[in-house]
Structure formats: structure tokens, C-alpha cells
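Let me begin by presenting the structure, written as C-alpha cells, before commenting on it.
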């Protein structure tokens, strides 16, 4: 990061996050990957370092940073552990709907605890038959006096089993399609709200991905985000536009972390009487990887700055940075495993974990095939309008 291009606070955030990643996350990354348990000690360290509320406005106890500030921290965490990077970032994903669509009272109610690192929040939109086609969700929310009754199942809920709050999207008006979707905050311990299956994942194993079961789950009507029905799908789409650069930053961090390890390994590994980094073929691979990572990083930061500037139409750029960074991450981490040779295929070395962690970045928060559709449709609309 060229310091002159960033605010003093952003440089401080980078340094603080890097120190925490190296001294707290990296030493335990392999342990939690094997155990597939949540690293509460890391969460407490993030809280104690004052990084929990980077993206939350100061009036709600946060640091008042934007999407770029979030991306800087997520990248640094992900250089040490992709799972811990997304474990942090999912709190932004879960709280963005409150920031985007919540009332002042709702923001005052839920955001301070998240900003202080005392409460975690997750994002419950996907279902078994409603992944990329989010409008196909079937979870229902029916008004009953001063309450809503929720019934349904949410799938692939990242962080759900450790979150105090979950932003749940449900259908309130079935005959209106996506316009009949509303957003709610459901609190841990609410009767009828429970955790189902824990997924046994290839990567990001330290952060739980679970099913959320809603069985006659009654919540107060004031938990309806924005106080009005039918706004949920719109707020979900705005949220994903703001959150995708965070996934892209996770991908950049994974790629950079893998390259860091590979540079060290290829320098120290001797074959035919010399380090393998002295071979031109290896040097070209290293040069390509470094160039691809920097290109992805700059697009991520450009997208984040665009969002922070308040520009209205951000969908295309958000999708582009997610697409490029995650494809780069998968390619770079795979090439790094290749340069480690046989050792790269063994768990004795940490490099294979980077490749496993990178794969999910091409899938969640909109698969890269969906991102290509989003980008192409935006391009065609712009062409048709003459812009």
C-alpha cells in the first residue's frame, strides 16, 4: 500500500490489522482449521484492538470508516487466515442492511454492540432452492398483531451459530415476487429460532456455516427493518453491492499471503545446486502473480472509493472487483501450491490452506458466473442509453 494514497487513519488501520494478523491469527490458523471451531480468542483480540466497528458511523460507537477502510482490514486479516478474514467481514454484511434500511431507533438498538465487538451479526438470505436466484426464497413472515411469525430455513449462513443477531429475509407478500420480501433482525435465543446443520467445509473452516431453522419464530414487529414491508430485497441488493468489495479484499489477502510464503519458499528451496527462485520459469510465475494481485487490489480499492463517494450506480464496479480479485486469488493460490511441489500438497505446509480458502470467494455473495451476468447487463444498459 502506497501510504500517500491513503489517509493517516487507513494507514494506522492497516498497521494495526497486520500486527494482529501476524501475532494473533497466524499462530492459531492451522489449529482452528483442523478443529473447525470458532476462534473466540481472535474475536476478543479484534475487539480489544478497537477494530470491530471500522465501518460503523461514530454516532453508533464505530470508527466512521467506509468500505475502503473495511477492505484494508479484511485484506490484512486474510493474509494470515481467510476464514478469520471472512469471520470479521460477515459482521459488515449482516449490519449493512441495518445501516441501509434501518430506522434511527433500530440503529441505536443494534449497532453499538456490534461496533464494540460485544455482539456478532450474520446475514440470512440464501435457501436450499434460492441461492443465486434469491427471489425464489420461501421463508415466510406473517403479521400477527404486534409480532411477526417466521417459518422457513436459511442455508449457508456464515457465522450464524455464533451471532447474537441475524438479518433474516422473508416473504411477507407472496404475490409480489421480490417486492414482497422484507428484512428482519432476529436475536439469538428467540423461541423458534435454532441452528441446524453445521457444514463440513473445504475451506474457511474456522468460521461456522450453518442452517438457520425458523419454526413459528415470533419476533416483535419493531424488528422489521425500516418499519415497512416490501423493502427487503432492495436493501439486500444494496447490501451486496457494498459488501462484495469485502469478499474481493479477502481474496486479495489470500493471494498476497500465499505469494509471501511462496517467495520465501522458492528462495530457500534448493534444486540443481541453486534456489528455485533463480530459474527464469519460476521468476516469470512470481512476476505474473505479483502483477495480478496488485491489479486486483487497485480495482478493489477503486470500487470501495466509488462506493464511499456516494455514487448511485455501483453494481457493475462492485461485481467487477469481486470477479477479478477472486479469480486472481484462485489462480495465484493454485500456482503457489505448484511451486511448493509435493510439499504444497501436504498439510505440513500452510500453502494448501490458502488454495482451499480461496475457492469459496468465487462462490459466495454471488457466484462469479452471476457477476459476469451482472456486469454484462450493466454494459448493455449503458450502451442502450448512450452513456
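What follows is calculated from the coordinates using simple rules that are stated; it is not laboratory data. Note that the structure is predicted; figures quoted are calculated from it, not measured. Ideal geometry is used to build each Cβ from the backbone, glycine not excepted, and the neighbour counts take in all protein chains shown.
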Next item on the list: With springs connecting C-alpha atoms under 10 Å apart, model the chain as a Gaussian network and identify which of 281, 366, 53 has the largest mean-square fluctuation.
Entry: 281
Check: Using a Gaussian network for the chain with springs between C-alpha atoms less than 10 Å apart, which of these wobbles most: 48, 200, 175?
Finding: 175
Notebook entry, point to check: Ordered by packing density, taken as the mean number of other Cβ atoms within 10 Å over each peptide's residues, highest first, how do 303-310, 5-12 rank?
Noted result: 303-310, 5-12
Check: Distance from the Cα centre of segment 120-166 to that of segment 6-45, in angstrom?
Finding: 29
Check: Which whole-number percentage describes the relative contact order of the chain, with Cα contacts under 8 Å and a sequence gap of 6 or more?
Finding: 17
Notebook entry, point to check: So what is the calculated 222 nm ellipticity per residue for the chain, using -39500 (n - 2.57) for each DSSP H run with n of 4 or more, over all residues, to the nearest 500 deg cm²/dmol?
Noted result: -17000 deg cm²/dmol
Margin query: Between 228, 30, 251, where does the largest GNM mean-square fluctuation fall for the chain, given springs only between Cα atoms within less than 10 Å?
Written below: 228
Checklist line | For segment 190-218 versus segment 327-387, the gap between their alpha-carbon centres in whole angstrom | finding: 26
Check: Which whole-number percent is the relative contact order of segment 321-369 (Cα, under 8 Å, 6+ apart)?
Finding: 41
Next item on the list: Please arrange 72, 293 by counting, for each residue, the other beta carbons lying within 10 Å of its beta carbon, fewest first.
Entry: 293, 72
Check: Can you put 95, 318, 126 in order, fewest other beta carbons within 10 Å first?
Finding: 126, 318, 95
